[in-house]
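What follows is a single structure, written as structure tokens, with notes after it.
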Amino acid sequence: MFPLIVSLEAKTAADVPAIAAALARMRPLCLAEPGCLLWEAYHSEADPKVFVLVEHWESRAHWEAHGKLDAIQTIYLPEVLPRARRAAHPSTLLAV
């Protein structure tokens, strides 16, 4: 499994509604993609300009293929990235 955490910070407060709407539209597209095990978007209660994406992919190759598909190409790149600063964190799930 390839877990990924992405943090997004809206450039301005005015960008927040558009980012939230775009992420909500992305979810069903991402979940339908090959290799997507989990795709969730969270909106911070502590800082309204912050969003966190939690993604689990079967493999890094599945995640890389995701970048070429509709959710990224038609929503994320044109609607989210121009409005937000992004930090991606490929991660390892800690054993409990």
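Laid out as a table, the results:
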quantity	calculated
Cleavage-rule hits (trypsin sites (Lys or Arg not before Pro)) in region 20-96: DSSP loop, at most 16 neighbouring Cβ within 10 angstrom	Lys68
Table column - 3J(HN,Hα) (Hz), region 44-50, Karplus curve with 6.51, -1.76, 1.60, x for Gly and Pro	4, 7, 7, 9, x, 8, 9
Ellipticity estimate at 222 nm from DSSP helix runs (n ≥ 4, -39,500 (n - 2.57)) divided over the chain, nearest 500	-7500 deg cm²/dmol
Fraction of accessible area attributable to carbon and sulfur, region 10-73 (%, probe 1.4 Å)	60
Surface accessible to a 1.4 Å probe, per residue, for the residues of the chain, Å²	58
Using alpha-carbon coordinates, inclination of helix 16-31 to the longest axis of the chain, degrees	20
Only Lys, Arg (+1) and Asp, Glu (-1) charged, at Cβ; region 21-87 dipole about Cα centre in debye	240
Heavy-atom accessible area order for Thr12, Thr92, largest first, 1.4 Å probe	Thr92, Thr12
Nonlocal amide H pairs with Lys11, under 5 Å, H built at 1.01 Å	Ala84, Arg85
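The values are calculated or read from the model by the stated rules, or taken from the named source; none is laboratory data. Values in this document were obtained by computation on a predicted structure and should not be read as measured data. So basically every Cβ, Gly included, is an ideal-geometry build from the backbone, and we count neighbours across all protein chains shown. Remember, those area values only see protein heavy atoms, side chains included, never the ligands or the DNA or RNA. Shrake-Rupley method; radii C 1.70, N 1.55, O 1.52, S 1.80 Å.
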